[in-house]
Amino acid sequence: MRTAPDQPSNERTSCPVPTPGAARTTPLAALSRVPWGEIQDSTGCAAAIPLLLNSIAWGDRETAGAALGDLRRRICQYGFVVEQATAATVPFLWELAQLPQVTCRAEVIQLLRSIAGARQWESTAAVYPKLLNHRENPVVWERRARQAVRAKSGVLSRLMADDDSEIAHATTELARTLDE
């Protein structure tokens with residue numbers, strides 16, 4: 001089962017909301033505000049996601065790249081299938097995309113683009129509407145994940161102006177996806 005028996009998935013995928021006016025002093029400080037052990041990724045329990053995000057934030061190129069690959073498989077499998085934990089992960093991906101020490105920032109932005117363009121569950125529900133009646137509602141997960149990407153799109157112009165051409169290009173592609 002992909003959700004806790006007491007709550008439907010469409011009530012459990014909200015993104016962490018930072019306290020207004022609170023200053024962030026360390027990267028990924030809000031990770032502990034998300035109930036990772038209660039939500040699901042493609043492997044089951046999403047409890048490993050904070051470790052993966054920290055590995056991306058602080059790891060060398062090889063470590064960060066491997067962690068990002070694992071994270072991608074967990075929250076945006078095949079580049080277009082999102083999971084319950086995806087929306088909760090997106091704000092942290094935006095944070096990673098802006099951290100200069102992250103060695104795979106362009107790839108993080110590409111993952112955000114994949115999430116923003118994900119329509120697998122909606123396409124399936126269009127053909128098989130009974131999917132919308134399931135306790136686990138992946139269409140809701142997909143919509144919330146896309147909304148989470150759009151919610152932080154205010155940083156696009158800064159990332160497009162980045163000196164790293166890979167980051168600028170990936171951000172331009174993400175902006176195009178968001179405009180569709």
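The values are calculated or read from the model by the stated rules, or taken from the named source; none is laboratory data. In this text, all values refer to a predicted model and were calculated from it rather than measured experimentally. Don't worry about glycine lacking a Cβ; one is built from the backbone with ideal geometry, like all the others, and counts go over all protein chains shown. Surface areas here come from the heavy atoms of the whole protein model, side chains and all, with no ligands, DNA or RNA. Shrake-Rupley method; radii C 1.70, N 1.55, O 1.52, S 1.80 Å.
Miscellaneous remarks
- Annotation: of all residues in segment 56-72 being within 12 Å of Thr103 (Cα to Cα) and open to solvent by less than 50 Å² (accessible area, probe 1.4 Å), the one that is farthest from the chain's Cα centre (by Cα) is Gly59.
- Residue that is nearest to Leu93 (Cα to Cα), among those in segment 1-54 that are at pLDDT 50 or above, open to solvent by 90 Å² or more (accessible area, probe 1.4 Å) and in a helix (DSSP H, G or I): Leu51
- Of the residues making up segment 149-176, those that are within 29 Å of Gly44 (Cα to Cα), open to solvent by 10 Å² or more (accessible area, probe 1.4 Å) and at pLDDT 95 or above are Arg150, Ala151.
- Matching residues in segment 134-179 - criterion: being under 21 Å from Glu107 (Cβ atoms), of a type in the set (D, E, K, R) and more than 16 Å from the chain's Cα centre (by Cα): Arg158, Asp162, Asp163, Asp164, Glu166, Glu173, Arg176
- Filter pass, Thr89 being of a type in the set (S, T, N, Q) and farther than 18 Å from Lys152 by Cα: no
- Restricting the first member to segment 111-127 and to residues that are at pLDDT 95 or above, and the second to residues that are open to solvent by less than 50 Å² (accessible area, probe 1.4 Å) and among the hydroxyl-bearing types (Ser, Thr, Tyr), the beta-carbon pairs closer than 8 Å and six or more apart or on different chains are Arg113/Thr177; Ile115/Thr86; Ala116/Thr177.
- Residues that are in a helix (DSSP H, G or I) and more than 17 Å from Ile115 (Cα to Cα), drawn from segment 155-166: Ser157, Arg158, Leu159, Met160, Ser165, Glu166
- Contacts under 6 angstrom Cβ, first residue in segment 29-44 being closer than 24 Å to Tyr78 by Cα, partner of a type in the set (Gly, Ala, Ser) and surrounded by fewer than 20 Cβ atoms within 10 Å (Cβ to Cβ), 6 or more apart: Trp36/Ala47; Gly37/Ala47; Glu38/Ala4
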